[in-house]
1. Being surrounded by 17 or more Cβ atoms within 10 Å (Cβ to Cβ) and of a type in the set (A, V, I, L, M, F, W, C) is the filter here; which residues of the range 178-212 pass it?
2. Among the strands (runs of 3 or more DSSP E) contained in the range 1-72, which hold 3 or more residues that are in contact with a Leu (Cβ under 8 Å, 6 or more places away or on another chain)?
3. Being surrounded by 14 or more Cβ atoms within 10 Å (Cβ to Cβ), modelled with pLDDT of 95 or more and touching a Pro at 6+ places or on another chain (Cβ under 8 Å) is the requirement here; does VAL246 meet it?
4. Among the residues of the range 274-296, is there at least one that is surrounded by fewer than 15 Cβ atoms within 10 Å (Cβ to Cβ) and among the hydrophobic types (A, V, I, L, M, F, W, C)?
5. I'm told THR120 meets every condition in (1) closer than 19 Å to GLU139 by Cβ; (2) over 39 Å from the mean Cα position of the chain (by Cα) except one. Can you identify the failing condition by its number?
6. Could you list, in sequence order, all residues of the range 216-249 that are under 21 Å from VAL324 (Cα atoms), assigned to a loop (DSSP other than H, G, I, E, B) and either touching a residue at least 24 places away in the same chain (Cβ under 8 Å) or in contact with a Lys or Arg (Cβ under 6 Å, 6 or more places away or on another chain) (or both)?
7. Check LYS61 against each of (1) farther than 30 Å from SER145 by Cα; (2) in contact (Cβ under 8 Å) with a residue 24 or more places away in the chain and name the one condition it does not meet.
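The values are calculated or read from the model by the stated rules, or taken from the named source; none is laboratory data. Source: prediction; values computed, not measured. Backbone-built Cβ (ideal geometry, glycine too); neighbour counts: all protein chains shown.
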Amino acid sequence: MSASINVKKTSRFINLAMYIAFGATSLVFLALISSVFFVKTIFDKNVQVKPGEITKIEALKIEPLSIGALRIDAFASIPSNRWVTYEIQLLDSQGKLIASAVKQAWRESGNWNEDGESGTWSENDLEAGLDVRGKKNEEVTLAISILGYGDTSGREFTEAVPINVKVSNGVTDTIHLWPGLFGTLAFAVMTAIATPATGKKVISKTINDSDPSERATLGGADKLVRVKIDVESDETTPYTMKARLVVNNSYGEPLYSENLHLDLTFHRDDNGQLDRATGKAQMFFILQPQDSYGFHVEIMPDAPVDKTTLTVRDGNRTRLPVNVVHISSSITDN
């Protein structure tokens with residue numbers, strides 16, 4: 001049996017779903033950022049509105065917009081422990097109501113005493129808004145009316161209420177973009193974390209020694225094989241360790257071997273003394289044809305090794321381009 005071996009860096013097995021998810025996150029983020037630049041303030045003024053009256057404020061031109069809408073924000077200024085119900089109105093050229101928003105605004109405050117301690121508290125809900133998207137060019141009139149004004153004791157007032165009115169164009173409602181941003185980001189992160197574990201785990205061999213071996217049927221031209229080696233060793237671990245990986249064919253004949261440097265992490269106890277070490281290494285293969293392949297690992301030096309785990313996944317995906325050893329074996333007549 002002969003084997004052709006090629007080593008090549010490839011992006012063929014990158015998990016595209018991960019990049020699509022991160023791309024969606026980027027688009028939502030850009031939408032949030034760009035929404036600020038489309039906003040144009042048309043006017044911002046304070047008006048005095050008496051209960052029972054409709055105060056016309058400004059004539060507005062509503063135009064169809066590809067992005068955003070016309071936004072009307074109103075903020076009522078009232079003393080503590082009072083309430084006011086006001087309505088934002090849009091009137092057509094004949095003075096008929098075409099859109100409105102009613103707000104029951106209030107402001108409350110008081111004192112509190114508890115367990116010998118005291119203080120003050122204050123709460124309010126005074127702001128109202130109305131979003132309008134036009135289907136055609138149209139001129140409307142913005143108006144504010146006070147439907148009721150009183151206090152918490154039941155008294156009603158006839159005095160005017162100061163209301164700040166701000167009108168902006170090209171406003172995007174970002175309330176739905178934030179869940180979209182965090183949702184797509186969470187999906188992207190989970191996809192990135194799960195990518196190394198994709199495919200079928202065909203070998204998972206752990207021994208309390210330094211030389212695990214196992215065999216499985218795997219491979220094929222369109223299957224990426226990830227071979228991962230994990231090592232646990234004691235306090236005598238040197239600063240460098242290697243793992244010799246051997247791939248055998250179905251007859252037990254070696255097709256490929258490589259000495260891999262283990263990426264070591266040293267763990268110390270509370271006194272700063274070296275307690276143990278963990279190491280890992282991995283390689284990627286394309287094995288043709290699909291067949292029974294054996295994998296053998298030898299850790300060097302083997303004296304400090306407590307445990308070695310050999311994991312092989314068939315049909316794996318990657319986050320980035322990786323170096324892949326392509327082994328194509330064929331039977332030859334002697």
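1. Taking the range 178-212 first, the residues surrounded by 17 or more Cβ atoms within 10 Å (Cβ to Cβ) are 180-181, 184-185, 187-188, 191, 195, 198-199, 202-203, 210, 212.
Selection gives LEU181, LEU185, PHE187, ALA188, VAL202, ILE203.
2. Because the criterion is at least 3 residues that are in contact with a Leu (Cβ under 8 Å, 6 or more places away or on another chain), the strands (runs of 3 or more DSSP E) in the range 1-72 that meet it are 54-62.
3. yes
4. yes
5. Failing condition for THR120: (1).
6. Matches in the range 216-249: GLY219, GLY220, ALA221, LYS223, LEU224, ASN249.
7. Evaluating LYS61 over (1) farther than 30 Å from SER145 by Cα; (2) in contact (Cβ under 8 Å) with a residue 24 or more places away in the chain leaves (1) as the failure.
Yes/no matrix, rows are residues, columns are (1) out of contact with any Leu (no Cβ under 6 Å at 6 or more places or on another chain); (2) modelled with pLDDT under 95; (3) not hydrophobic (A, V, I, L, M, F, W, C):
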| position | (1), (2), (3) |
| --- | --- |
| ASN259 | yes, no, yes |
| THR265 | yes, no, yes |
| ASP269 | yes, yes, yes |
| ALA277 | no, no, no |
| ALA281 | no, no, no |
| PHE285 | yes, no, no |
| GLY294 | yes, no, yes |
| ILE299 | yes, no, no |
| THR308 | yes, no, yes |
